[in-house]
1. It is to be established whether one or more residues within region 66-77 are surrounded by 11 or more Cβ atoms within 10 Å (Cβ to Cβ) and either farther than 19 Å from residue 128 by Cβ or over 20 Å from the mean Cα position of the chain (by Cα) (or both).
2. Look at residue 105 and say whether it is assigned to a loop (DSSP other than H, G, I, E, B), free of Cβ contacts under 8 Å to residues at least 60 places away in the same chain and more than 27 Å from residue 178 (Cβ to Cβ).
3. Filter region 135-187 down to residues that are free of Cβ contacts under 8 Å to residues at least 60 places away in the same chain, exposed (fewer than 13 other Cβ atoms within 10 Å of the Cβ) and assigned to a helix (DSSP H, G or I), then give me how many there are.
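Coordinate-derived values only; no laboratory data. What you see is a predicted model, and the numbers here were worked out from it, not measured in a lab. Glycine also receives a Cβ, built like all others from the backbone with ideal geometry; neighbour counts cover every protein chain displayed.
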């Protein structure tokens, strides 16, 4: 069976898990699997098609700036100063040191749906966000998406992990957790290769 629609995914999960009694719970398992694809701390899924670039402007009234819509993880944040572009450096929330003086922000962290700078900007600056956004989730009305099309094994293993967590079979849940992470890492590697192209190699051939 082709893993190309939500309906076929559900049928395959039932087949692999030998559980015909899951009913509509599978829809919850799909949602949970999608959440773990993007939010697991080990290898969140990063698709090239999900990479976005947008800009926003700071104000002189606050150290905070709203994150762009659909934000999942950052790739690079930069600030423009007199037509020159400088990369802002990330700090964890606990490590961000707040400067009481106004000036050009140098560091940032993320709190909730906002960016927090290390100081209040002394004037309006343009901040460029390069980030990864989420993807369209699977539903009865949206039967496929980019992840299911390119990497159906991520969905399958992620859903099976949720099935066995529900069944309190921790051994099988662990097996499929590892399979899902391995599939995500492989997908990220393929996406990175697609972004940068193949590595140049030395050739022993000679051309006049």
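1. no
2. Values: assigned to a loop (DSSP other than H, G, I, E, B): yes; free of Cβ contacts under 8 Å to residues at least 60 places away in the same chain: yes; more than 27 Å from residue 178 (Cβ to Cβ): yes.
Judged against the criteria, residue 105 is a match.
3. 3
Here is a yes/no grid of residues against (1) in a loop (DSSP other than H, G, I, E, B); (2) touching a strand residue (DSSP E or B) at 6+ places or on another chain (Cβ under 7 Å); (3) without any contact (Cβ under 8 Å) to a residue 60 or more places away in the chain; (4) closer than 23 Å to residue 138 by Cβ:
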site	(1), (2), (3), (4)
13	no, no, no, yes
32	no, no, no, yes
46	yes, yes, no, yes
52	no, yes, no, yes
79	no, yes, yes, no
